[in-house]
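The values are calculated or read from the model by the stated rules, or taken from the named source; none is laboratory data. The structure presented is a predicted model; accordingly, all values stated were derived computationally and were not measured. Please note: Cβ atoms are built from the backbone with ideal geometry, for glycine as well, and neighbour counts cover all protein chains shown.
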Amino acid sequence: MKTIYYTATSLDGFIAGPDNSLDWLFKLEGNGDQDYPDFIREVGALAMGSTTYEWILNYEKLLEGNAKAWPYQQPTWIFTTRKLPAVPGADIRFVQGDVRPVHAEMVAAAKGRNVWVVGGGELVGQFHDHGLLDELIVTIGSVTLGAGAPLLPRAITTPPLVLESVRAMPPGFAQLRYRVER
């Protein structure tokens, strides 16, 4: 069981554009998410910040008539300081504050499977700050955005991340896997 940050980023290190848009990602052709089915099968619980949650609500039109279903079967913890609408029928838990006790709940709910910290970068940083992050799987797209939501707004220098693997995902992606040293 690992706690993993699995995400896509632009070449210049942004997970979303200045307006929280992922249009850049959807415009790239190729197989940047070819490993996603295998990855999600190993996930037992998810954590995400409120901006990521609201993006999914809007993009998938989850609260509108004829809405799609919540895209995850796993229990999902939404870290927020605001009141947000719930998706009917989805196992979503709104939380705030210290990530440590919530992480313990997530690990128990995951039942030996991985915990996926979906995003954003500030939330991932909090997991890292408390020694709860085990791995980063970062798929880098062949575009630059110039500004936006950073991949991980933290300095991680001591100890540095350990590169485990690099994989080309033609035509426009490269995937890096890093182990987090403690």
- Would you check if there is a residue in the range 163-171 being under 21 Å from Leu25 (Cα atoms), modelled with pLDDT under 95, out of contact with any Leu (no Cβ under 8 Å at 6 or more places or on another chain) and surrounded by 14 or more Cβ atoms within 10 Å (Cβ to Cβ)? yes
- Message: Return the pair list, or none, for Cβ contacts closer than 9 Å from residues in the range 155-181 that are within 10 Å of Ile137 (Cα to Cα) to residues that are among the aliphatic types (A, V, I, L, M) and not in a strand (DSSP E or B), at least 6 apart or on different chains.
- Response: Tyr178/Leu161; Arg179/Leu161
- Message: I'd like to know if the range 78-98 contains one or more residues that are farther than 30 Å from Gly65 by Cα and either assigned by TED's automatic domain parsing to the domain that holds Ile15 or of a type outside the set (Lys, Arg) (or both).
- Response: yes
- Yes/no for Phe94 being closer than 25 Å to Asp23 by Cα and free of Cβ contacts under 8 Å to residues at least 60 places away in the same chain: no
- Residue among Val107, Val117, Val138, Val124 that alone is part of a helix (DSSP H, G or I), closer than 13 Å to Thr7 by Cβ and not hydroxyl-bearing (Ser, Thr, Tyr): Val124
- Within the range 107-117, can you find the residues that are out of contact with any Gly (no Cβ under 8 Å at 6 or more places or on another chain) and touching a residue at least 24 places away in the same chain (Cβ under 8 Å)? Val107, Trp116, Val117
- The residue from Glu105, Glu122 that alone is surrounded by fewer than 18 Cβ atoms within 10 Å (Cβ to Cβ) and modelled with pLDDT under 95 is Glu122
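A quick yes/no check of all residues on (1) farther than 26 Å from Glu181 by Cβ; (2) in a helix (DSSP H, G or I); (3) of a type in the set (Gly, Ala, Ser):
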{"position": "Leu11", "(1), (2), (3)": "no, no, no"}
{"position": "Trp24", "(1), (2), (3)": "yes, yes, no"}
{"position": "Asp38", "(1), (2), (3)": "no, yes, no"}
{"position": "Leu57", "(1), (2), (3)": "yes, yes, no"}
{"position": "Glu64", "(1), (2), (3)": "yes, no, no"}
{"position": "Lys68", "(1), (2), (3)": "yes, no, no"}
- Query: Restricting attention to the range 128-135, does a residue exist that is among the aliphatic types (A, V, I, L, M), touching a residue at least 40 places away in the same chain (Cβ under 8 Å) and assigned to a strand (DSSP E or B)?
  - Reply: no
